[in-house]
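Asks: Below is one structure. I have some questions about it.
The values are calculated or read from the model by the stated rules, or taken from the named source; none is laboratory data. Since we're looking at a predicted model, the values are computed, not measured. All Cβ positions, glycine included, derive from the backbone under ideal geometry; neighbour counts span all protein chains shown.
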Amino acid sequence: MSRRRWCGALLAYGVMATLEPIHADDNGSVRYPAGAASFQSNCVVCHGRDGAGTPSLAPPLTNYPARYIGVPEGRRQLAMTVVYGMFGDITVEQKHYNFKMPDFSKLSDDALAAVLNFVVFDLGHASADATPLSAAEIAAERSQPALADAVRQHRTALLLALGLAN
C-alpha cells in the first residue's frame, strides 16, 4: 500500500473511531451484534462504518454480498475473501478499485461467519429467508488454501454467473 493510501486509511480510522456504534436499521437493532463488533474492529477503517466503502480505497459491501448468499459459489466467495484476502483490480457498482484486502484468517470460524452475516443481513439487507453462513462453511474453505489472487479470479467467474459483471 502506498504511503498516501496508508495515511488516508489511518486518518479515516481516526475519524471513524469517534463515530457512534454501527446501527443496521432505523431502530438501532442489529441481527448479528458479534459480527457488528468484529466489523467495527477489523473492517470499518477501509469499508466505512456503514459498509458503503471508501472512494479510491475500498469497495462498498452493501450490495454484492447480499446477492452472493443465495448461491453456493457466492457463499464460498464470501468465506474465501475473509479467510484469504483479495488483491487486484475489481469493479463494484461501476467504480474501479485496486486494493489489497488482507486476510483475516487469525479470526475464528465463528467470528468470520458472524461478521459475514452482519455484512450480508444487517448492512446488505439480504432476504430474511436466506440461510446465514455457518462456521462450518468457513472451516471448509479454510481447509482448501488459496492465494488472494485466486479469490479475485473466483469472484470474476461468480459475477459472470450472476450477471453482475461490468
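Asks: Hey, among 136, 126, 130, which residue is more than 11 Å from the chain's Cα centre (by Cα) and part of a helix (DSSP H, G or I)? Working first, answer last.
Replies: Values: 126 fails: part of a helix (DSSP H, G or I); 130 fails: part of a helix (DSSP H, G or I).
That would be 136, the only listed residue that is more than 11 Å from the chain's Cα centre (by Cα) and part of a helix (DSSP H, G or I).
Asks: Just one of (1) among the polar types (S, T, N, Q); (2) more than 18 Å from residue 145 (Cβ to Cβ); (3) surrounded by 18 or more Cβ atoms within 10 Å (Cβ to Cβ) trips up residue 77, so point out which.
Replies: Going through (1) among the polar types (S, T, N, Q); (2) more than 18 Å from residue 145 (Cβ to Cβ); (3) surrounded by 18 or more Cβ atoms within 10 Å (Cβ to Cβ) one by one, residue 77 breaks only (2).
Asks: Something else now. Tell me which helices (runs of 4 or more DSSP H) are completely within the range 1-107 and hold 1 or more residues being modelled with pLDDT of 95 or more, or say none if there are none.
Replies: Values: elements: 3-16, 33-42, 44-47, 64-68, 72-84.
Those helices (runs of 4 or more DSSP H) span 33-42, 44-47, 64-68, 72-84.
Asks: Moving on. Picking from 115, 119, 92, 82, which residue would you name as being buried (at least 22 other Cβ atoms within 10 Å of the Cβ) and in contact with a Pro (Cβ under 6 Å, 6 or more places away or on another chain)? Give the steps one after another, and end with the answer.
Replies: Values: 115 fails: in contact with a Pro (Cβ under 6 Å, 6 or more places away or on another chain); 92 fails: buried (at least 22 other Cβ atoms within 10 Å of the Cβ); 82 fails: in contact with a Pro (Cβ under 6 Å, 6 or more places away or on another chain).
Result: 119 is the single residue among 115, 119, 92, 82 that is buried (at least 22 other Cβ atoms within 10 Å of the Cβ) and in contact with a Pro (Cβ under 6 Å, 6 or more places away or on another chain).
Asks: Oh, and also: Only residues that are more than 16 Å from the chain's Cα centre (by Cα), within 28 Å of residue 34 (Cα to Cα), outside any loop (DSSP other than H, G, I, E, B) and not small (Gly, Ala, Ser): list them for the range 139-166, please.
Replies: Hit for the range 139-166 is 142, nothing else.
Asks: Can you find, within the range 122-143, the residue that is surrounded by the most Cβ atoms within 10 Å (Cβ to Cβ) among those that are farther than 19 Å from residue 62 by Cβ and charged (D, E, K, R)?
Replies: The selected residue is 141.
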